[in-house]
Amino acid sequence: MKRKHYEQELRELQAELVALQEWVKDTAQRVIVVFEGRDAAGKGGCIRALTERVSPRVFRVVALPKPSDREKSQIYLQRYISHFPAAGEIVVFDRSWYNRAGVERVMGFCTEQESQRFLQECPNFERSMIVDSGVIFLKYWLEVSEEKQEKRFQDRIDDPVKQWKLSPMDIPARERWFEYSRARDDMLRATDTDFAPWNIVKSDDKRRARLNVIRHFLSQVPYVKEERRAADLPPRDMTDAYDDSASIANRRWVEDNYG
């Protein structure tokens with residue numbers, strides 16, 4: 001997809017996200033969006049496109065680091081529940097409790113028994129704690145091909161501004177492609193339910209993936225778009241006017257290196 005077409009489509013969709021945001025605030029809705037997928041599937045780019053034009057006080061992105069020793073001793077889902085939305089909030093999880101079905105299982109950070117127990121209990125948790133509580137709940141799995149993942153990993157290795165994306169899990173993820181595939185299949189088999197279905201997104205083309213995710217998200221939230229009256233800027237009150245530029249002229253200014 002050409003950049004110009006992508007940017008035109010994205011701007012229109014992001015304008016709709018602003019309308020959705022206002023509806024969520026006005027009606028005190030609670031929304032949870034989960035993004036999962038293989039490493040380098042494009043989750044971060046999708047989340048940025050979804051949230052870059054809206055308020056971070058309404059759209060909260062949660063990307064948790066590895067658990068602390070204290071969190072490891074808690075009930076597994078406890079650290080995620082603490083980030084659930086209050087009224088008028090949309091919480092976007094950049095990876096979620098599904099770590100237990102994916103990276104934790106494949107990399108041996110949990111036992112096979114712990115992973116299987118999670119898969120058994122997860123649908124009940126999502127029904128009782130999320131859906132039945134009135135939260136709008138959406139789950140996205142970004143599916144990237146083996147060839148495209150390899151290219152993106154190589155880009156991370158070669159490009160100095162992308163090297164921070166290369167996590168200690170990326171290289172093992174490349175080696176264990178089919179282990180991750182089996183983990184994905186087991187996760188979908190156990191947790192793709194009618195009340196909390198997985199929405200799978202082709203993500204080899206990042207631009208198309210972002211647009212498809214946003215359009216689908218908008219279609220799943222029953223927001224009502226309200227027309228806003230254009231605001232009128234009042235004239236400046238000149239009662240106490242003074243030279244407010246001169247008053248800071250001798251302060252410490254950052255050097256303009258690009259003038």
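The values are calculated or read from the model by the stated rules, or taken from the named source; none is laboratory data. No experiment lies behind these values; they were computed from the predicted model shown. Backbone-built Cβ (ideal geometry, glycine too); neighbour counts: all protein chains shown. Please note that ligands, DNA and RNA were not included when accessible areas were found on the heavy atoms of the full protein model with its side chains. Shrake-Rupley method; radii C 1.70, N 1.55, O 1.52, S 1.80 Å.
Of note:
Yes/no matrix, rows are residues, columns are (1) open to solvent by less than 100 Å² (accessible area, probe 1.4 Å); (2) part of a loop (DSSP other than H, G, I, E, B):
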| residue | (1), (2) |
| --- | --- |
| PHE217 | yes, no |
| PRO222 | yes, yes |
| LYS225 | no, yes |
| ASP232 | no, yes |
| ARG236 | no, yes |
| ARG251 | no, yes |
| VAL254 | no, yes |
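- Odd one out for PRO172 among (1) at pLDDT below 90; (2) touching a Lys or Arg at 6+ places or on another chain (Cβ under 8 Å): (2)
- Inside the range 48-65, residues that are open to solvent by less than 60 Å² (accessible area, probe 1.4 Å) and not in a helix (DSSP H, G or I) make up a count of 6.
- Selection within the range 7-24 - within 18 Å of ARG229 (Cα to Cα) and either hydroxyl-bearing (Ser, Thr, Tyr) or open to solvent by 30 Å² or more (accessible area, probe 1.4 Å) (or both): ALA15, GLU16, VAL18, GLU22, TRP23
- Each residue in the range 66-105 was checked for being under 30 Å from TRP23 (Cβ atoms), open to solvent by 20 Å² or more (accessible area, probe 1.4 Å) and among the β-branched types (Val, Ile, Thr), and 1 of them qualify.
- Qualifying residue in the range 25-43 (condition: open to solvent by less than 30 Å² (accessible area, probe 1.4 Å), in a helix (DSSP H, G or I), over 30 Å from GLU226 (Cβ atoms) and not acidic (Asp, Glu)): yes
- Subset of the range 170-186 (residues that are surrounded by fewer than 16 Cβ atoms within 10 Å (Cβ to Cβ) and among the aromatic types (Phe, Trp, Tyr)): TRP177, PHE178
Conditions (1) in contact (Cβ under 8 Å) with a residue 40 or more places away in the chain; (2) touching a strand residue (DSSP E or B) at 6+ places or on another chain (Cβ under 7 Å), marked per residue:
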site	(1), (2)
TRP164	no, no
ASP186	yes, no
ALA209	yes, yes
PHE217	yes, yes
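- Candidates SER203, SER133, SER167, SER115: the one that is surrounded by fewer than 15 Cβ atoms within 10 Å (Cβ to Cβ), hydroxyl-bearing (Ser, Thr, Tyr) and at pLDDT 95 or above is SER133.
- Breaking point among (1) part of a loop (DSSP other than H, G, I, E, B); (2) open to solvent by 60 Å² or more (accessible area, probe 1.4 Å); (3) at pLDDT below 95, for GLN154: (1)
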